[in-house]
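J.: I have a structure here, written as structure tokens, and I will follow up with some questions on it.
The values are calculated or read from the model by the stated rules, or taken from the named source; none is laboratory data. Predicted model only: the values in this text are computed from it and were never measured. Reconstructed Cβ throughout: ideal geometry from the backbone, glycine too, with neighbour counts over all protein chains shown. In case anyone asks, the SASA skips ligands and DNA or RNA and just uses the protein heavy atoms, side chains included. Shrake-Rupley method; radii C 1.70, N 1.55, O 1.52, S 1.80 Å.
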Amino acid sequence: MDGPDLSEQTVLVTGSAKGVGRELLLATADCGARTAVHYHTSADAAREVADAARDRGASDAMTVQGDVTDPESVNGLFAAVEAELGSVDVLVNNVGDFAPAHWADLEFETWNRVLETNINGTYLCSRRALPEMRENGYGRIVNIGYASSEQGLVSPTNFPYFVAKAGVLMFTRMLAADTQTDGITVNAISPYVVENSDEFPDELPRGRPASFEDLVQPLYFFLDPESEYISGENLEVDGGWLPETV
């Protein structure tokens, strides 16, 4: 699919060594972006993604390590990207652990990790990216949410993930309001079940999970220069899923 021209832009996708993050980053490489492949522990996979990004048209590509839940680490990873590729024009906050178990069975460390990687990681990376974006008068931030989080979707299973994703969407709306005059847009993409998900329900909307291409399309939309007035929005990629029980 055709995307916007990103040949003059630096793109950082957190957690882009694997899964959804990998595919979103490679989609920006297809548009000629300078790409930063972020990883925490998957160095070999990140290098493979950077090589693939170059093969697919990225004007430049690098790998960068960091823990998005640690302020000093976040500052270091952004500094590394800025030194090699220039200031970050597009930030995709993709990192976010989940824990598909009953809330009472979760270890505190797991509970905390889910909250920290989803909401704290989104906050810390956005806060670090914004000063340069504001100075440049341009920026695109895209956060990864979860379908129906805005409707207060909740379950005893995976509870901290639902809480964190609701927080991500609230943060998205707040940040959009706080950047209205800065040439920056802040939006969210919220899938339900994606093709690489660890678990699949018995019934899927339209008979299949979302493909990676289904997520790339809204990313391209939010990054398109003609979408400059669209901010604070959440686009659910769920095939028409209706989680309510009537």
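J.: Under a GNM of the chain (C-alpha, springs under 10 Å), which listed residue has the highest mean-square fluctuation: ASP178, ASP202, ASP97?
T.: ASP202
J.: Taking +1 at the Cβ of each Lys and Arg and -1 at the Cβ of each Asp and Glu, which of THR110, ALA36, LEU204 sits farthest along the dipole of the chain towards its positive end, judged by Cα position relative to the Cα centre?
T.: THR110
J.: Moving to a separate point now. Along Cα→Cβ, 7 Å out, is where each label goes; now give me the distance between the ones at GLU109 and THR41 in nm to one decimal.
T.: Reported label-point gap for GLU109 and THR41 is 1.0 nm.
J.: Quick one: accessible area per residue over the chain, 1.4 Å probe, rounded to a whole number of Å²?
T.: I get 47 Å² per residue for the chain.
J.: So if I place +1 on the C-beta of Lys and Arg and -1 on the C-beta of Asp and Glu, and nothing else carries charge, what would the dipole magnitude of region 125-205 be about its Cα centre? I want it in debye, nearest 20.
T.: My answer is approximately 440 debye.
J.: Given the chain, what percent of its DSSP beta bridges are antiparallel, to the nearest 5?
T.: Here the antiparallel bridges make up roughly 5 percent for the chain.
J.: Net charge within 10 Å of SER149 by Cβ-Cβ distance, Lys/Arg positive one each and Asp/Glu negative one each, not counting SER149 itself?
T.: Around SER149, the charge tally is -1.
J.: Per the helix-only calculation at 222 nm, which mean residue ellipticity applies to the chain, given -39500 (n - 2.57) for every DSSP H run of n ≥ 4 and division by its residues, nearest 500 deg cm²/dmol?
T.: Only helices count here, giving -12500 deg cm²/dmol.
J.: Then there is this: Given the options VAL11, VAL154, VAL64, state which has the largest fluctuation in a GNM of the chain using a 10 Å cut-off (strictly under) for Cα springs.
T.: VAL154
J.: What number results when the radius of gyration of region 1-121, computed over Cα atoms, is divided by 2.2 N^0.38 Å?
T.: 1.11
J.: Next question. Pick from GLY139, GLY32, GLY183 the residue whose mean-square fluctuation is largest in a GNM of the chain, springs joining Cα atoms under 10 Å.
T.: Highest fluctuation among the options: GLY183.
J.: On to the next question. With just the Cα atoms defining each centre, how far is region 202-236 from region 78-147? Give it in Å.
T.: 18
J.: Mind checking the angle between helix 159-178 and the chain's longest principal axis? C-alpha axes, 0 to 90 degrees, to the nearest 10.
T.: In the chain, helix 159-178 runs at an angle near 40 degrees to the longest axis.
J.: Can you give the charge dipole size of region 75-190 about its Cα centre, rounded to the nearest 20 debye, using +1 on the beta carbon of Lys and Arg and -1 on the beta carbon of Asp and Glu?
T.: I would put it at about 260 debye.
J.: If you roll a 1.4 angstrom probe over the protein chains with everything in place, what fraction of the accessible area of the chain belongs to carbon and sulfur, to the nearest %?
T.: Reported share for carbon and sulfur atoms: 48 percent.
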